[in-house]
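Note sheet for the following structure.
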Amino acid sequence: MQEKTNHYKANQNFYLKKYWENNDGTNLYRPNGFENLPEDIYRAFAAEIDKDGKVLDLGCGNGLMLKYLMLTSGHKLIPFGVDFMKLSIKQAKEILHPQYKANFTIDNVINYSFNKGPFDFIFVPLHHIHSDDRKEYLDKITKNCTENGKVIFYEYSDSLRAEGQEWIGGCSELKNWKLERKDYPGVSIGVWKYN
């Protein structure tokens with residue numbers, strides 16, 4: 001138990017330093033790990049949006065990707081997000097999504113209640129999740145996806161390389177999932193459809 005607590009605390013401290021150290025809040029890209037808008041990556045995410053609905057980003061930063069999806073997908077989307085960075089969620093609520101501020105939660109994604117679901121689209125990076133929590137976490141996600149909805153697993157290429165993986169579906173917890181593989185510069189995507 002202490003190992004998992006340390007894992008999440010170390011992640012939180014790492015991202016707090018990486019995204020918020022010397023950040024006065026005017027750069028809306030940094031709380032998402034970028035210096036500029038990652039349009040190629042966000043365009044790949046937008047390609048998965050094929051209908052109107054509720055979209056949940058687990059580890060949403062300040063909700064920038066959700067805003068991009070709302071503006072470019074051509075569909076009416078209601079955004080939801082959770083992140084453990086208080087400053088990032090503050091930006092989501094006050095700057096990027098003030099009309100949806102009740103839909104953004106400060107928490108570790110493994111503790112997210114899904115009480116506003118089910119969701120039509122769920123975006124899931126796995127690298128933040130301790131390996132001991134992944135099975136239960138994945139079970140919660142699938143139970144909170146609408147019929148004909150999608151779970152979009154993704155990982156940025158640099159994180160995958162650091163883990164010795166070629167694509168997101170190579171994660172041991174996803175090996176038996178029927179994922180549609182999509183490779184893009186900068187990001188690996190595996191799409192699971194609830195049928």
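Every read-out reported here was derived from the displayed coordinates using simple, explicitly stated rules and does not represent laboratory data. Given the structure is predicted, the values throughout are model-derived calculations rather than measurements. As a convention, Cβ positions derive from the backbone with ideal geometry for all residues, glycine included, and neighbour counts pool all protein chains shown.
Overview of values
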item: DSSP-defined beta bridges in the chain - what % are antiparallel, rounded to 5; result: 40 percent
item: Region 158-176 versus region 1-54: alpha-carbon centroid distance in Å; result: 19 Å
item: 16 Å cut-off, amide nitrogen to a point 7 angstrom out along Lys116 Cα→Cβ, residues in region 18-53; result: 53
item: Distance-filtered residues of region 170-195 - backbone nitrogen under 12 Å, label point 7 angstrom along Glu147 Cα→Cβ; result: 195
item: Region 91-146: relative contact order in percent, alpha carbon pairs under 8 Å with at least 6 residues between; result: 34 percent
item: Cβ-derived FRET efficiency at R0 22 Å, Lys193 paired with Lys140, nearest 0.05; result: 0.80
item: Eligible aspartates and glutamates near Lys67 by straight Cα distance, threshold 18 Å, same-chain separation 8 or greater; result: Glu35, Glu39, Asp40, Glu48, Asp50, Asp52, Asp57, Asp83, Glu94, Asp120
item: Pairwise label distance in nanometres, Lys4 with Gln99, each label 7 Å out on the Cα-Cβ vector; result: 3.9 nm
item: Potential extension, Tyr184-Asn13 segment - 0.36 nm per residue separation minus Cα distance; result: 58.6 nm
item: Loop-resident sites, region 112-184, for trypsin sites (Lys or Arg not before Pro), counting at most 13 other Cβ within 10 Å (DSSP); result: Lys175, Lys178
item: Global form of region 70-157, assessed from the alpha-carbon gyration tensor, a/c cut-off 1.5; result: oblate
item: Alpha-carbon Debye profile of the chain, log10 I(q)/I(0) at 0.11, 0.14, 0.16 Å⁻¹; result: -0.46, -0.78, -1.06
item: Ranked packing of 106-113, 22-29, 83-90, most packed first, by mean Cβ within 10 Å; result: 83-90, 106-113, 22-29
